1. When only DSSP loop residues count, what chymotrypsin sites (Phe, Trp or Tyr not before Pro) in region 90-179 have their Cβ near at most 14 other Cβ atoms within 10 Å?
2. Need the list of aspartates and glutamates near K303 for cross-linking: C-alpha distance under 18 angstrom, and skip anything on the same chain fewer than eight residues off.
3. Where the centre of each part is set by its Cα atoms, how far does region 62-101 sit from region 251-288, in angstrom?
4. Efficiency by 1/(1 + (r/R0)^6): what FRET value for S160 and N118, r their Cβ-Cβ distance, R0 = 30 Å, to the nearest 0.05?
5. Can you pull out the trypsin sites (Lys or Arg not before Pro) in region 83-158 that DSSP calls coil and that have at most 15 other Cβ atoms within 10 Å?
6. State, to one decimal in nm, how far the label point of Q54 lies from the label point of N283, with both points 7 Å from Cα in the Cβ direction.
7. Expressed in whole Å with the largest first, what are the equivalent ellipsoid semi-axes of region 88-246 derived from the C-alpha gyration tensor as the square root of 5 times each eigenvalue?
8. I'd like the Kirkwood hydrodynamic radius of region 142-227, using the inverse of the mean 1/r over distinct C-alpha pairs, in Å.
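Coordinate-derived values only; no laboratory data. All figures in this text were calculated on a predicted structure; none of them were measured in a lab. We place every Cβ from the backbone using ideal geometry, glycine too, and count neighbours over all the protein chains shown.
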Amino acid sequence: MKTANILSIILLVVSLVGCAHGPGFDPRARTDGLNDSIRTADNALFTPLAITNQIDQAWLKPPQDLYRLGPGDVIEIEVLGEVASRASAVVGPDGKIYYGMLPGTFIWGMTLTESKANIEQGLNKYLKAPCEISVTLNHVGSKHVWILGNVQTPGVHPLSTPATLLESISAAGGVLSIPGATDGVCDLQRSFVMRDGKLIPVDFGRLLREGDLSQNIYLQPNDFVYLRSGLTRNVYVLGAVAMPRVVPYVDQMSLLTAIMSSGGPVPYAHMEEVAIVRGSLANPKIGAVNLRMILRGQAPDVKLQPGDIVCVSFVPWRKAAIFGESILGQFVRTIAVNEGYRAVMPNAQALTPSLPVGSSLGR
């Protein structure tokens, strides 16, 4: 009897110690706040993803730099007092213009004032009396912005003077609309501005729906603005799969279906941490899913939503912010390449998306 009581006391003590200390330490547990694939509820899977390339307040002010000439620009030159001397000159690929008796004057990168002084200096070498000329900009050919997607006149538009995002969209004819619709036909959550290959998280919903001018940045030469169609429903699969591509979304599409329709994971793919980026590109969320457990039937499949970006990594990743931002960067660059190709070659097929995320991005 005493032995039984002692055993009961020992068991009670062990159970209390276990409750005090909680579950045992798992050295494989994640430390960045993301959840395992066994938790399939949407709210449990996804964690907000902070974008480091936030809107700089300086981008909301007009640039103070003067316009600098480049190849493709057309200027008009006239010797003051001699109307017959008026002529147009194109800045060539070598950065030079050819006017009158001048063999070639380099003006690439110069302002109109600087180019005027440079041309006058060249002309005065051949004239008995010093002359004075006027130089005006006739046509912008060196500085453009890309406004593509659901606008009236998508394409490449000149940027001769400082222009805001709203002004540039208006210059492209404005957003396409359907009679009776309040939001047009744009998916504002997944529209974006890309600069120097990086996503600028402009919130198009706040800008176009609410008139929030804190999102109305001034564009810079070569900026890429894409207003995504709201009539197409796609899922984007990239990374370590056989055929990274855009997958048309169907109702109840799952993660496994999307990956298998892209040829499945490649050998040596890291299937324990498949990333899903969801929501607005300005305020995205990221979730980590264990694809290997799903394939083994040890975890339920995950339902996708239109616009989800799925990335199968080549290597383990631990920093969700760095990896998630690299996914978004690769996504916007590939969309830009495809849409730019369609704009330049409207009758050609779009390029096949190739969206691998290299091993260095997974660390």
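1. Y98, Y126
2. The reachable aspartates and glutamates, counting only those whose Cα sits under 18 Å from K303, are D36, D42, D251, E272, E273.
3. Going from one Cα centre to the other spans 52 Å.
4. Numbers: r = 21 Å, r/R0 = 0.69.
The calculated FRET efficiency here is 0.90.
5. On the way: sites: R86, K96, K116, K125, K128, K143; in loops: R86, K125, K128, K143.
Answer in residue order: R86, K125, K128.
6. With each label point 7 Å from Cα toward Cβ, the separation is 1.4 nm.
7. 44, 19, 13
8. Working: mean 1/r = 0.0772 Å⁻¹.
Result for region 142-227, one decimal place: 13.0 Å.
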